[in-house]
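Below is one structure, written out as structure tokens; comments come after it.
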Amino acid sequence: MIPEYDVIVVGGGHAGCEAAAAAANLGSKTLLITMDMTKYGQMSCNPAMGGIAKGQIVREIDALGGYSGIIADKSTIQFRMLNQSKGPAMWSPRSQNDRFRFAELWRETLESVENLDLWQDAVVGLLISNNKVVEGVVTKIGIKFNAKTVILTNGTFLNGLMHIGSAQMKGGRIGEAASYNISEQLFDVGFKTGRLKTGTPVRIDGRTIDFTNLIEQKGDVSHYKFSYLPGTESTLNQRSCWITYTNPVVHSELELGFEFSPMFDGTIQGAGPRYCPSIESKLVTFSEKEKHQLFLEPEGERTIEYYLNGFSSSLPWEVQYRALRKISGLEKAKIFRPGYAIEYDYFEPTQLHHTLETKLVDNLFFAGQINGTTGYEEAGAQGIIAGINAHLKSHQKGEEFVLKRNEAYIGVLIDDLVTKGVDEPYRMFTSRAEFRILLRQDNADIRLTEKSYKLGLASLDRKNLLDRKLSIISQIIDYTKQFSVKPVFVNQLLKKKGTTELKQGVKLIDIILRPQISIFDLIEYIGPFKEFLKRVPEDRRHEIIEAAEIAIKYEGYINREKLLAEKLDKFENINIEDKFNYSKLKSISTEGRQKLERINPKTIGQAKRISGVSPADINVLLIMLGR
């Protein structure tokens with residue numbers, strides 16, 4: 001007897017793993033179906049997590065009670081905090097990971113989750129009642145699994161087609177079969193679908209690399225990690241990355257293959273990621289540049305395999321290989337496999353609610369690259385939100401879990417997708433967020449853990465850790481406002497840091513407010529302050545003290561951004577979903593009518609963010625609402 005599930009998740013990538021774990025941990029009877037149970041959370045492209053804006057997303061997933069941060073921490077072979085020369089709103093954590101250990105840890109984690117069943121198979125169809133309500137899935141071996149909700153996280157596998165020069169291979173990843181029939185079925189139901197493209201570079205035999213001609217890039221020697229939970233630190237040996245550059249000779253070799261490029265001869269129809277272009281696209285777009293930076297990234301703690309970041313290509317393998325050997329340090333390089341491009345189906349994300357449930361078929365959710373995104377982090381973020389909302393829907397809670405743009409990068413990501421749609425693979429950047437000072441990587445737990453705990457996903461341990469952190473931060477700030485410092489204790493430090501020396505005693509907070517001075521500097525000069533800070537737990541010392549310092553230094557900016565967010569929030573509370581027949585509103589611009597009709601925004605706030613909807617159009621809607 002085949003059991004009926006509350007939630008079925010199709011696909012075991014980053015979105016699928018987070019979705020399945022979230023739904024099961026909330027109490028839903030969940031089934032995760034994947035074609036290969038050895039590749040949960042597979043790092044299909046580069047072996048890294050986080051980066052600019054993406055690191056903030058990983059911390060948000062962790063703050064909600066997801067697993068990406070924990071698994072990234074435990075499999076880390078290098079960690080760096082990017083953008084530290086800028087303000088804390090721009091700081092972004094990034095880890096280099098052992099891709100093999102990463103997948104192993106995901107499987108170990110999933111196998112430990114209660115309420116979660118695992119099944120190895122391919123899903124070839126959905127059970128949809130009257131083209132309106134999904135009721136389960138059909139697998140390749142003919143099994144029908146029934147469910148109250150279904151989440152599709154198919155990645156690049158929907159009608160996946162790989163390109164290396166003129167050679168084409170069907171598949172969702174090198175050596176792995178594609179997924180068929182689902183796109184066609186959903187198209188017949190009425191979904192708008194399209195094709196996107198992504199790519200990956202050559203993998204190199206590290207034994208053939210001349211590292212003496214490369215620039216070494218070591219990781220940070222610091223406390224930084226993704227998860228707010230203690231005990232997730234990596235025990236793996238740390239490894240360096242290496243920097244090299246292309247040159248005019250490399251470019252000439254690559255250009256010889258342009259006539260055979262599937263990107264340039266019209267073979268590839270899907271749009272590629274503008275912010276992560278192939279090497280051939282770089283040569284065309286930035287033809288004036290004589291060199292492009294490349295990063296050699298180790299694939300694991302013990303493997304000799306290296307990933308050449310910045311050298312993605314779909315050129316013939318011989319062209320890639322000849323050009324590669326003109327790069328400094330790679331003159332004798334051997335490769336394990338060439339780079340390739342992959343085209344795959346996606347579904348226009350404006351067909352989704354903010355919960356990631358589809359508008360056309362009830363109880364059906366999409367998460368990950370199926371929505372037109374690129375990146376493990378963006379996928380995992382969508383996965384945890386889809387998993388939460390599928391759980392709520394399957395238990396008829398009458399609730400939705402939606403994060404606002406001023407609450408999380410995850411909120412920005414999903415709102416961008418369902419409001420603006422995509423015409424190329426979507427990648428998160430800090431510039432996409434209006435409230436960067438509020439959405440820092442250091443305060444994701446402060447922003448999100450309480451919400452998740454009330455929902456039942458974040459654990460009591462997480463909640464207790466958060467409460468303790470907030471209490472200590474408050475104590476530190478109060479102490480700095482009350483403790484006075486005499487010139488004799490700090491003038492040596494102030495002179496060393498190039499800032500004005502004191503002539504009389506001041507409150508400690510006045511010194512911390514100086515941009516040149518850090519709390520960590522003062523600890524070594526002010527004995528009572530050092531003694532006071534011993535109350536901070538050792539394993540969270542840097543995290544909590546740094547959070548207190550940011551709160552002190554940026555209080556004015558933070559409060560100003562909070563006020564702005566509160567003003568804009570009023571528009572998010574004015575619901576307009578299904579309240580208008582936009583085609584009949586002649587006082588609204590033609591483009592505005594078309595966009596509003598197609599997207600059917602839920603609130604005035606969402607309507608304001610639709611490209612092509614003018615302020616005058618919004619005023620018409622407000623007048624019609626009597627506002």
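The values are calculated or read from the model by the stated rules, or taken from the named source; none is laboratory data. All figures in this text were calculated on a predicted structure; none of them were measured in a lab. Cβ placement follows ideal geometry from the backbone for every residue including glycine, while neighbour counts extend to all protein chains displayed. These accessible areas exclude ligands, DNA and RNA; they are computed on the full protein's heavy atoms, side chains included. Shrake-Rupley method; radii C 1.70, N 1.55, O 1.52, S 1.80 Å.
Take the stretch 427-467 and flag every residue that is closer than 26 Å to Glu357 by Cβ, modelled with pLDDT under 95 and not in a loop (DSSP other than H, G, I, E, B). Hit for the stretch 427-467 is Arg432, nothing else. Here Gly66 meets the list (1) over 19 Å from Ala20 (Cβ atoms); (2) assigned to a loop (DSSP other than H, G, I, E, B) almost entirely, failing just condition (1). Taking the listed residues Lys332, Lys397, Lys326, Lys359, the one that is touching a residue at least 12 places away in the same chain (Cβ under 8 Å), more than 23 Å from the chain's Cα centre (by Cα) and under 28 Å from Ser129 (Cβ atoms) is Lys359, with no other qualifying. Output the residues belonging to the stretch 88-143 that are open to solvent by 80 Å² or more (accessible area, probe 1.4 Å) and small (Gly, Ala, Ser). Within the stretch 88-143, Ser112 is the sole residue that qualifies. Scanning the stretch 233-269 for residues that are touching a Pro at 6+ places or on another chain (Cβ under 9 Å) and either part of a loop (DSSP other than H, G, I, E, B) or of a type in the set (Asp, Glu) (or both) gives Arg239, Ser240, Gly257, Ser261, Ile268. If the condition is being surrounded by 20 or more Cβ atoms within 10 Å (Cβ to Cβ) and within 34 Å of the chain's Cα centre (by Cα), then the stretch 579-601 contributes Gly592, Arg593, Lys595, Leu596, Ile599, Pro601.
Counting only strands (runs of 3 or more DSSP E) that sit wholly inside the stretch 290-397, those with at least 3 residues that are open to solvent by 10 Å² or more (accessible area, probe 1.4 Å) are 305-309, 335-337, 340-347. Filtering the stretch 398-426 to residues that are part of a loop (DSSP other than H, G, I, E, B), among the β-branched types (Val, Ile, Thr) and closer than 23 Å to Tyr67 by Cα leaves only Val402.
Sub-7 Å Cβ pairs linking a first residue in the stretch 520-546 that is open to solvent by 40 Å² or more (accessible area, probe 1.4 Å) and in a helix (DSSP H, G or I) to a second residue that is modelled with pLDDT under 90 and not aliphatic (A, V, I, L, M), at least 6 apart or interchain, are His542/His223, ordered by first then second residue.
Among the residues in the stretch 321-341, are any among the hydrophobic types (A, V, I, L, M, F, W, C) and at pLDDT below 95? Yes - at least one qualifying residue is present in the stretch 321-341. Out of (1) without any contact (Cβ under 8 Å) to a residue 60 or more places away in the chain; (2) touching a Pro at 6+ places or on another chain (Cβ under 9 Å), what's the single condition that is false for Gly375? In the conditions (1) without any contact (Cβ under 8 Å) to a residue 60 or more places away in the chain; (2) touching a Pro at 6+ places or on another chain (Cβ under 9 Å), Gly375 misses (1) alone.
Exactly one residue out of Glu555, Glu597, Glu572 is farther than 30 Å from Gly231 by Cα and touching a strand residue (DSSP E or B) at 6+ places or on another chain (Cβ under 6 Å): that is Glu572.
Only one of Arg432, Arg440 is over 21 Å from Lys570 (Cβ atoms) and either hydrophobic (A, V, I, L, M, F, W, C) or surrounded by fewer than 20 Cβ atoms within 10 Å (Cβ to Cβ) (or both). Can you tell me which?
From the options Arg432, Arg440, the qualifying one is Arg432.
For Leu82, the conditions (1) under 18 Å from Lys218 (Cα atoms); (2) within 14 Å of the chain's Cα centre (by Cα); (3) not basic (Lys, Arg) all hold with the exception of (2).
For the stretch 139-167, filtering for residues that are within 30 Å of Gly199 (Cα to Cα) and assigned to a strand (DSSP E or B) leaves 10.
Can you tell me which residue is most open to solvent (accessible area, probe 1.4 Å) among those in the stretch 547-578 that are without any contact (Cβ under 8 Å) to a residue 24 or more places away in the chain and farther than 27 Å from Asp510 by Cα? Break it down into steps so the answer makes sense when it comes.
First pass over the stretch 547-578, keeping only residues without any contact (Cβ under 8 Å) to a residue 24 or more places away in the chain: 555-556, 559-560, 563, 566-567, 570, 578.
From what is left, the residues that are farther than 27 Å from Asp510 by Cα are 566-567, 570, 578.
On the way: Glu566: 120, Lys567: 141, Lys570: 123, Asp578: 118 Å².
For the stretch 547-578, the residue satisfying everything is Lys567.
Search the stretch 57-79 for residues being open to solvent by 10 Å² or more (accessible area, probe 1.4 Å) and charged (D, E, K, R), and hand back the single one that is farthest from the chain's Cα centre (by Cα). For the stretch 57-79, the residue satisfying everything is Lys74. Residue by residue through the stretch 579-592, note down the ones that are without any contact (Cβ under 8 Å) to a residue 12 or more places away in the chain and farther than 16 Å from Ile623 by Cα. Matches in the stretch 579-592: Thr590 only. Only residues that are polar (S, T, N, Q), without any contact (Cβ under 8 Å) to a residue 40 or more places away in the chain and open to solvent by 90 Å² or more (accessible area, probe 1.4 Å) were counted in the stretch 252-286, giving 1.
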